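The values are calculated or read from the model by the stated rules, or taken from the named source; none is laboratory data. What you are looking at is a predicted structure, and each value in this text was computed from that prediction instead of being measured. Positions of Cβ are backbone-derived with ideal geometry, glycine not excepted, and every protein chain shown enters the neighbour counts. Only protein heavy atoms, including side chains, enter the accessible area calculation; ligands, DNA and RNA are left aside. Shrake-Rupley method; radii C 1.70, N 1.55, O 1.52, S 1.80 Å.
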Amino acid sequence: MTIVIGFEGSANKIGIGIIKDGKVLSNPRRTYITPPGQGFMPSDTARHHRSVILTVLEEALEEAGLKPTDIDCVAYTKGPGMGAPLVTVAIVARTVAQLWGKPLLGVNHCIGHIEMGRLITKANNPTVLYVSGGNTQISNDPSPGYNIEQLAKRGKRYVELPYTVKGMDVSFSGILSYIEEAANKMLSADQCTPEDLCFSLQETVFAMLVEITERAMAHCGSQEVLIVGGVGCNLRLQEMMGVMCQERGAKLFATDERFCIDNGAMIAQAGWEMFRSGQVTQLEDSWITQRYRTDEVEVTWRD
């Protein structure tokens with residue numbers, strides 16, 4: 001029996017979850033919400049996390065019915081993410097590990113999403129599409145985001161936009177440049193609405209993501225797709241991916257908002273896997289990094 005507590009706070013969510021041998025014992029979280037039209041600044045987000053993290057920790061232990069002595073390992077998000085929030089969570093995790101006398105583990109945020117998705121869906125050996133509103137690894141351009149998704153739900157007219165796939169990579173820069181140049185003209189001429197543009201952008205970007213996922217499946221001989229990350233909750237993306245999977249005779253796996261949105265349990269689950277395979281993070285190595293790719297992680301817990 002192994003029990004791991006996970007601290008997540010790489011963006012505007014602060015969450016602490018506890019995992020016991022594949023079972024989620026608790027997973028409370030808080031969200032830093034800014035006024036409409038404003039993004040969340042790192043310093044303000046970190047301030048929010050500092051103000052609630054101890055309360056969330058108490059909730060996690062109480063909900064799980066555990067004491068600090070029951071915990072075997074303390075895991076935290078090492079990166080990627082925003083610097084100030086990451087530091088806030090890392091400091092608390094380091095402090096807790098030392099106060100409780102427990103080993104510490106720095107976890108890759110993206111790996112946390114993947115391991116949580118595999119745990120919840122029971123996918124065996126899937127091709128994984130990690131889709132985030134805050135970071136991206138298959139493009140050097142901005143990632144698909146939340147605000148676009150909300151407006152896209154009200155769009156009705158499709159506007160053709162640049163579509164760029166380069167092997168297993170995608171490029172969003174052409175789409176953004178086109179919209180920045182053409183949007184005002186099209187809106188002024190009543191050729192479309194802001195909602196139509198967001199709908200078209202989402203359709204185009206998702207089509208690109210489905211294409212590269214299908215290509216990855218073909219390369220790997222895979223018959224399973226697992227969508228993880230915050231944007232993985234998007235029902236339209238799941239629908240488009242589902243059509244592709246059905247045509248290939250493959251299975252689609254996805255989670256709901258409890259686990260696809262940033263949460264502490266996903267860090268605990270990845271930490272559980274790492275800890276069971278013999279990994280620990282020494283105190284002098286327990287730093288954070290805003291850039292931390294999944295292919296930088298040595299996966300010692302899978303064949």
Original post:
For region 1-107, how big is Rg over Rh, using alpha carbon atoms and the Kirkwood form of Rh?
Top reply: 0.98
**OP:** Could you give the spread of the C-alpha atoms of region 46-125 along their three principal axes, from largest to smallest, in whole angstroms?
**Re:** 38, 31, 21
Original post:
Under a 1.4 angstrom probe, counting protein chains only, how are Asp169, Asp262, Asp44 ranked by accessible area, largest first?
Top reply: Asp169, Asp44, Asp262
Subject >> Radius, Kirkwood style, for region 241-294 when every pair of distinct Cα atoms is counted (Å) >> reply: 14.6 Å
Original post:
Put Ser171, Ser277 in order of accessible area, largest first, 1.4 Å probe: what do you get?
Top reply: Ser277, Ser171
Subject >> Accessible area per residue in Å² at 1.4 Å probe, computed on region 162-234 >> reply: 44 Å²
**OP:** Pop a pseudo-label 7 angstrom from the Cα along the beta-carbon direction at both Asp21 and Val165 and give the gap in nm to one decimal.
**Re:** 4.4 nm
**OP:** Counting helices only, and only those DSSP H runs with n ≥ 4, report the 222 nm mean residue ellipticity of the chain as the sum of -39,500 (n - 2.57) divided by its residues, in deg cm²/dmol to the nearest 500.
**Re:** -14500 deg cm²/dmol
**OP:** Please find, in a Gaussian network model of the chain (springs between Cα atoms separated by less than 10 Å), the residue of Gln191, Gln38, Gln269 whose mean-square fluctuation is greatest.
**Re:** Gln38
Original post:
Over region 151-246, what relative contact order in percent results from Cα pairs under 8 Å that are six or more residues apart?
Top reply: 34 percent
**OP:** Mind grabbing the accessible area of Ile114 for me, 1.4 Å probe, Å², rounded to tens?
**Re:** 30 Å²
**OP:** Any lysines with Cα under 21 Å of the Lys122 Cα? List them, leaving off those in the same chain fewer than 8 positions away.
**Re:** Lys20, Lys23, Lys251
Original post:
What figure in square angstrom, to the nearest 10, would you give for the accessible area of Glu284 with a 1.4 Å probe?
Top reply: 140 Å²
**OP:** Give the cross-link partners of Lys185 among the lysines, using a straight C-alpha distance below 26 Å as the criterion and excluding same-chain residues fewer than 8 apart.
**Re:** Lys153, Lys156
**OP:** Return, ordered by residue number, the residues of region 21-54 whose backbone nitrogen is under 16 Å from a label point located 7 Å along Cα→Cβ of Leu187.
**Re:** 37-38
Subject >> Calculated Rg and Dmax of region 51-209 using C-alpha coordinates, Å >> reply: 21.2, 66
Original post:
How do 48-56, 5-13, 159-167 rank on mean C-beta neighbours within 10 Å, highest first?
Top reply: 5-13, 48-56, 159-167
**OP:** Could you please state how large a percent of the accessible area of the chain is carbon and sulfur, counting protein chains only and using a 1.4 Å probe?
**Re:** 50 percent
Subject >> Among 229-240, 77-88, the order from most to least packed when residues are scored by Cβ within 10 Å on average >> reply: 77-88, 229-240
Original post:
Using heavy-atom solvent-accessible surface (probe 1.4 Å) with all chains present, what is the largest-first order of Trp272, Trp287, Trp100?
Top reply: Trp287, Trp100, Trp272
Subject >> Cα-based equivalent ellipsoid of the chain: semi-axis lengths in Å, sorted from largest, via gyration tensor >> reply: 35, 23, 16
**OP:** Just name one of Gly249, Ala189, Leu86: the one whose Cα is farthest towards the positive end of the charge dipole of the chain (beta-carbon charges, Lys/Arg +1, Asp/Glu -1).
**Re:** Leu86
**OP:** List the extent of the Cα atoms of region 141-283 along each of their three principal axes, largest first, rounded to whole Å.
**Re:** 62, 39, 26
Original post:
Met41 to Leu176: extension gain in nm, 0.36 nm per residue of separation minus the Cα-Cα distance?
Top reply: 46.4 nm
